[in-house]
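Q: Before anything else, here's the structure in question.
FYI, it's all coordinate maths here, none of it is from the lab. Here the structure is a predicted model, which means the values were calculated and not measured. Cβ: placed from backbone, ideal geometry, glycine included. Neighbour counts: every protein chain shown.
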Amino acid sequence: ARRTAAALVAAASLVAVAGPASAAPGSPGSPRFTDGSTSGGDPYFPAAGNGGYDVQHYGLDLSWAADGRLDGTAVVTLTATADLASFSLDLRGLTVSAVRVDGKPARYTQLPPGEDGRGGELVVQAAPKLRAGTTHEVTVVYGGYPGQPTDAEGALYGWVTFPDGVLVANEPEGAPTWFPVNDVPRDKATYDFRITVPEGKTAIANGEPVGEPTTTGGRTTFLWRATDPMASYLATASIGDYTATTRLGPDELPILDFVETGVTGDALTTTQASLALQPAMIDFFDGVFGPYPFTSFGSIVDDDTVEYALETQTRPVYSQVASETTVAHELAHQWVGNSVSPATWADIWLNEGFATYAQWMWTATRPGGATEQEQFDAVYAIPADDEFWSVVVADPGREGIFADAVYDRGAATLHALRTEIGDAAFGDLLRRWVTENADSTVTTADFVALAEQVSGRDLDALFTDWLYTPARPAGY
Ligand code: ARG
Ligand code: ZN
């Protein structure tokens, strides 16, 4: 039988029924304890995320072997938002050997992914049960061979193993391929990483290193700490053979770059030229969006490929080369996408349309670079009968979240808006959007409302044409 998300939810409640008996609903003086949902409620990825709690912090102790094995101990600090008899974490392709809640061994069940490869749940029986508002430490000991996981479109993502290391890029719901997680952008948390690898390899995660790496018995341990709230799709812990370069950005912002030794020739020349521009790019985007939102920045350039780059928080990852426009794009995502994140995956144009438009703005500052209008015109020149215009940008469908239109029509939407409301209002809008929504999640409706407020205009027709109509807007 096909395991739909609904079946997973049903299976999870059956498991929970087998657990310790809950207080009878309504029995005198006893709260109602429920089984936390195994769904975070995302319409495209219902198996991602969970209900009944909010994570504050992930402490991830990861050990990687050259044969591709990953062993982990995750300490998840979470606060119950409901009275819970059981709750779940997303985890797939890895086997759990122990769970403890506040240090006490807990009963648990693992539910496999559905036939579509999505999902995978670790359901934990809480004994004692968790009362709403209380904070707990959930320890999960697990391990296995992640191999090369793929997303709903068949692209490599998550913990992707290569012969010389690991490239980690979770978007949209690949984090459960390497740690137990509440895998929805809404539940941001801080992270500590302790990553042990064969001596000679380097492990790079989000945030900043803590102390110097230590080596014993041929294994080296790296500590990283990310203190800014972070969505799980933006976590990374990439492993490889890197050359490190440190630069300083505006206001002494540390920029920590890591380029794998297998990046050579033209790819290396291009990469080095792009990375050298990061301080100037940060300065430029500070002006567009307001101050850079995190404690550090820098890039990870892998010599293997997943065919794309990802804006992993504070430290984007690149496949084989980092071009100037891609570096500008991934950097812009730190403001639009990472600090201000989409509430659901249907809203991904709030990431990609904005980062693409920011990239257009950077290009326009460069000698001989195309203006925003010229870049808009190139998109508008796509013939009206092209499939490109059939994508509904603000709801592109599960398989359409990375469609070209989400990027380019999304950016064109912002240019059309800028043309309509003028540069001054558009500039205010971008800054207010990022400042007022820092470290949280947003919807398209939030953006439309702010655009109308800042401009004092009714922008219904413009947004309907550009974001919600599967046709090329007329009259541009
Ligand atoms: N968010 C990334 C970027 O625009 C792209 C991720 C693409 N992922 C994929 N599976 N195709 O920089
Ligand atoms: Zn992007």
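Q: By DSSP, what percent of the beta bridges with both residues in the chain are antiparallel, rounded to the nearest 5? Kindly include the intermediate steps, with their values, before the conclusion.
A: Details: 74 of 93 bridges.
Percentage antiparallel, nearest 5: 80.
Q: Report the one residue of Thr469, Pro279, Val76 whose Cα lies farthest in the direction of the positive end of the charge dipole of the chain (charges on C-beta: Lys and Arg +1, Asp and Glu -1; origin at the Cα centre).
A: After comparing all options, I get Val76.
Q: Against the longest alpha carbon principal axis of the chain, how many degrees, from 0 to 90 and to the nearest 10, is the axis of helix 423-436 turned?
A: With both axes taken from Cα atoms, the answer is about 10 degrees.
Q: Return a whole-number percent for the relative contact order of the chain, with Cα pairs under 8 Å and 6 or more residues apart as the contact set. Can you show the working numbers first?
A: Details: 1125 pairs, mean separation 52.6, N = 476.
For the chain, the relative contact order is 11 percent.
Q: While we're on this one: Sequence neighbours fewer than 8 away in the same chain don't count; with that in mind, list the lysines whose C-alpha is under 28 Å from Lys104.
A: Lys129, Lys188
Q: Loop-only GluC sites (Glu not before Pro) in the range 300-403, please: DSSP not H, G, I, E or B, and at most 11 other Cβ atoms within 10 Å.
A: On the way: sites: Glu307, Glu311, Glu324, Glu330, Glu352, Glu372, Glu374, Glu387, Glu399; in loops: Glu307, Glu311.
Of the GluC sites (Glu not before Pro), the ones in loops of the range 300-403 whose Cβ has at most 11 other Cβ atoms within 10 Å are Glu307.
Q: In addition: Taking the Cα atoms only, what angle lies between the long axis of helix 444-455 and the longest principal axis of the chain, rounded to 10 degrees?
A: Once rounded, one gets 40 degrees.
Q: On C-alpha positions alone, give me the angle between the axis of helix 5-17 and the longest principal axis of the chain, in degrees, nearest 10.
A: The angle comes out near 30 degrees.
Q: Got a sec to turn the phi values of the range 243-255 into Karplus ³J(HN,Hα) couplings, 6.51 cos²θ - 1.76 cosθ + 1.60 with θ = phi - 60°, whole Hz, x for Gly and Pro?
A: Result, rounded to whole Hz: 9, 9, 10, 10, 10, 10, x, x, 6, 6, 4, x, 10.
Q: Let me ask another. Distance from the Cα centre of the range 34-61 to that of the range 321-395, in angstrom?
A: 30
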